[in-house]
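The values are calculated or read from the model by the stated rules, or taken from the named source; none is laboratory data. Everything numeric in this text was worked out from a predicted model, so none of it was measured. Cβ: placed from backbone, ideal geometry, glycine included. Neighbour counts: every protein chain shown. The area values use the complete protein model at the heavy-atom level, side chains included, leaving out ligands, DNA and RNA. Shrake-Rupley method; radii C 1.70, N 1.55, O 1.52, S 1.80 Å.
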Amino acid sequence: MSKKSLIAGTLILTIASFITRLLGFGFRIYQSQVMGAEGMGLYQLLFPIYMLLWATSSAGIALAIAKMIAAEVSKGEEGNAVHILKVSLLISLPLSFILSILLFLFAPFIARYYIHEPVTELSLRILAFCVPFMSTACCLRGYFQGHQEMSITALAQIVEQVARMTAIYLLAHILIPMGTKYVCALGVIGMCTGEVFSFIMSFIAYQLKKRKVTLGPVTLKHSQTFNQLLALSIPITANRFLTSGLSSFENILIPINLEKFGLTSHEALALYGKFSGMALPLLLFPSMVTSSLATALVPAISEAVAMKKQAVLQNTIGRAIQFSALIGIGATSLFLSFSEDIAMACYHIKDVGYLLKWLAVICPFIYLQNILTGTMNGLGMQKRTFQTNIIGSLFCIGTILLVVPLKGIIGFVLAMLFQSGFVCCRLLIYVLEFVDLKVDLNHWILKPSIAAIISAFISITFKHYLFSPYLGLVLSTTFSLLTLAGTYLICLILVGSLSIKDIKAYIGTR
């Protein structure tokens with residue numbers, strides 16, 4: 001197989017992620033208008049359940065497929081790659097059907113005693129139907145990721161988002177007048193429709209791929225493949241399952257503890273909807289770059305480890321961490337400078353901007369955590385990631401229980417900050433020890449921070465004197481953000497944190 005550029009795969013995923021998030025973000029504004037803050041709050045309570053299902057049925061096995069196939073393809077064993085995919089389906093499909101049945105049967109119990117919102121029962125039963133599609137699609141995408149062909153994953157993201165949007169748009173006028181239960185179900189129907197169409201597209205892509213490659217003999221034994229897939233996927237699945245479960249528990253605790261802070265049930269759900277359904281998606285929008293890079297890192301690092309290329313490993317991880325730091329610090333500058341403008345331009349709700357400004361300081365940790373998790377998976381250090389995430393989640397839950405009743409939603413922001421800071425520091429220590437990589441505080445933190453401060457000052461000045469007096473809110477905010485992004489990039493080059501050589505490396509020049 002010809003050598004693929006890590007950043008080429010990242011670029012493809014980033015472009016796709018940008019398209020899907022841009023489409024999804026515009027549609028989320030529409031969704032928040034038709035569903036309301038309370039409806040968004042209920043929908044966001046269900047989303048961790050969806051992530052829990054994904055973690056159990058798909059997350060571990062998909063990464064295991066990508067890792068194993070990357071190693072086989074690097075040796076030219078294409079027959080083994082298809083064999084690995086087939087064996088993986090024998091593991092994931094039965095598990096996904098079991099999860100579907102259990103969720104459908106226990107939906108009333110989960111809605112009443114876990115989520116504490118009985119109106120979500122119908123939504124949970126609808127969600128149960130999409131698990132097998134989700135699981136199969138993830139396995140197929142793992143096959144392509146193992147080949148470092150990120151275009152299929154990218155296209156699947158776009159198809160999923162478009163299908164989700166179309167379903168919600170077509171059904172909104174029917175379900176919204178029927179009450180809160182159906183408002184919540186509307187979001188889940190869109191989610192399930194997206195998963196079904198993602199599966200269809202991934203399956204077609206796999207059939208086309210098989211016609212183009214020459215399959216060699218299968219040299220792996222069935223039992224060997226089965227055992228290796230389990231050995232790789234179980235730690236990742238356990239990690240994702242417990243962290244997703246704890247994350248779900250965290251999210252359910254927030255409205256409950258907001259009521260202890262003094263809010264009514266409706267006010268708590270509405271505030272939670274603004275926080276998790278409006279402010280957090282804005283905060284995570286730039287993370288499309290680091291999430292894409294984290295996905296591309298797993299097969300790239302696995303290949304470097306398999307080929308024992310230590311220098312390539314150090315260079316790949318070092319540049320990924322540096323890139324994450326630049327994105328995270330730049331995003332913090334952006335959200336601290338223009339949080340209220342962005343919130344008003346998108347939702348016309350000033351409170352969302354207030355929440356976004358508090359969340360801004362978490363950006364570097366969240367984005368770096370994506371990179372470090374992908375690196376740890378590529379290095380085969382899933383158990384340490386699992387242990388670290390569990391400790392971080394327990395710490396977050398403890399903070400929610402103690403601080404949210406006293407400080408309200410700001411208590412959860414503090415809990416997120418403590419959790420992501422702890423996890424990042426711990427994972428970074430593990431990676432640095434394994435790869436023998438030096439920490440470059442000057443280029444990773446100090447110089448980007450200087451560039452961020454300068455660019456924030458320039459863009460705020462431009463907004464105050466040039467944009468706001470002559471342009472409307474949306475155009476003024478857009479030009480301000482573009483000014484900040486442009487000046488930040490220039491300042492990074494001027495302070496020496498980013499060079500032309502670095503830019504060439506990021507776009508794949510070796």
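Can you flag which of Lys407/Lys463; Lys212/Lys309; Lys210/Lys309; Lys67/Lys209 are past 24 Å Cα-Cα? The pairs that break the limit, which is 24 Å between Cα atoms, are Lys407/Lys463; Lys212/Lys309; Lys210/Lys309.
Pairwise alpha-carbon distances in the range 150-299 exceed 22 Å for 65% of all pairs.
Normalised by the number of residues in the range 298-430, the average gap of Cα pairs under 8 Å and 6 or more apart makes the relative contact order 26 percent.
Quick one: work out Rg over Rh on the C-alpha atoms of the range 56-164, Rh as Kirkwood radius. With Rh from the inverse mean 1/r over Cα pairs, Rg/Rh is 1.10. Can you spot the aspartates and glutamates whose alpha carbon is less than 19 Å from Lys383's alpha carbon? Ignore those fewer than 8 places along the same chain. Here the aspartates and glutamates satisfying the reach criterion relative to Lys383 are Glu433.
Counting only protein heavy atoms, what percent of the accessible surface of the chain is carbon or sulfur at a 1.4 Å probe? Looking at the chain in its full context, I get 70 percent from C and S. With all protein chains kept in place, the per residue accessible area of the chain amounts to 42 square angstrom at a probe of 1.4 angstrom. Each pair of Cα atoms in the chain enters the Kirkwood radius, and Stokes-Einstein at 10 °C and 1.306 mPa s then converts it into a translational diffusion coefficient of 67 µm²/s.
Per-residue ellipticity at 222 nm from helix content only, as computed over the chain with -39500 (n - 2.57) for each DSSP H run of at least four residues, stands at -28500 deg cm²/dmol.
Taken about its Cα centre, the chain carries a charge dipole of about 1100 debye when Lys and Arg each add +1 at the Cβ and Asp and Glu each add -1 at the Cβ.
By the Cβ-Cβ criterion of under 4.7 Å, the unpaired cysteines of the chain are Cys138, Cys139, Cys184, Cys346, Cys363, Cys396, Cys424, Cys425, Cys491.
According to the Cα-based calculation, Rg over Rh for the range 366-510 is 1.08, with Rh computed by the Kirkwood formula. Applying D = kT/(6 pi eta Rh) to the range 440-481, where Rh is the Kirkwood radius over alpha-carbon pairs, T corresponds to 20 °C and eta to 1.002 mPa s, the Stokes-Einstein value obtained is 189 µm²/s.
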